[in-house]
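Step one of this worksheet: look at the structure below.
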Amino acid sequence: MKWDEYPEKFWHCRIQINGVRNNEDAFLSDATIQLVREQIVEPWMQHRPFNVGGVVIRNSSQIKKINIVQTSQPCSFYAELRENWRRELEIETGILIGLSPIDERCTPFGEETAKDYTHELLFSLKAETDLLNAETDLLTPDEEVEYQIEEQDWYAPSLPATKEIAKEEIERLKNEVDIVIVTATNVEIEAVMRLLKPFPRRKNSYFLSASCFIPKNCT
């Protein structure tokens, strides 16, 4: 899903932090999707520190649990619903319920109508971004690294002599071959050939030129 396809308002984040006294959690409440993206999601993906409710999260090892949810109403709406439920219960039972004050910041996380986006934003999206970055980092043909062949460790001033053989002879020799080295480019072929020597007690190495087609989705 694209960023502009997510709901705009009423995003909430709750982070339980390891080693914090009084179990005090960090909250971001009634935020826009843009704020969640800039303040939490992007730093998370880039392994940068981020600030939630005045608490600086320096790395994921500090986090015991994290939740990101979106609701159709602000926190105050759900806090009022809970307060009304308390009052109704007191009237019905005639008992004064001595409960602690309602923390508005917590209310969205217990709502059935709240939609949890934690995995989608922090894990699925991160995996897609990592894959995209990996693909972007690959060199295109126009970006091939330039270097001097003579300065490479694998350089040898001359290539070994090669001899073309027929397919029938390949079949005959396959039981004598211990290792097959597959190369994809002329540069790789030269790199291998310059250092290629027969195994001990072997007289020859064999060079075969062929075409090989690999499916696009093969890794």
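The values are calculated or read from the model by the stated rules, or taken from the named source; none is laboratory data. In this text, all values refer to a predicted model and were calculated from it rather than measured experimentally. Cβ placement follows ideal geometry from the backbone for every residue including glycine, while neighbour counts extend to all protein chains displayed.
Name the residue that is surrounded by the fewest Cβ atoms within 10 Å (Cβ to Cβ), counting only residues in region 1-58 that are part of a loop (DSSP other than H, G, I, E, B) and charged (D, E, K, R). Give the steps one after another, and end with the answer.
Quick first cut of region 1-58, residues part of a loop (DSSP other than H, G, I, E, B) only: 1-2, 6-10, 18-20, 24-25, 32, 46-49, 53-54, 58.
Adding the requirement that they be charged (D, E, K, R) leaves 2, 8-9, 24-25, 48, 58.
Values: Lys2: 5, Glu8: 10, Lys9: 13, Glu24: 11, Asp25: 22, Arg48: 11, Arg58: 10.
Looking at the filtered set, the residue picked out is Lys2.
Note on region 60-82: among residues that are outside any strand (DSSP E or B) and within 21 Å of the chain's Cα centre (by Cα), the one that is modelled with the highest pLDDT is Gln62.
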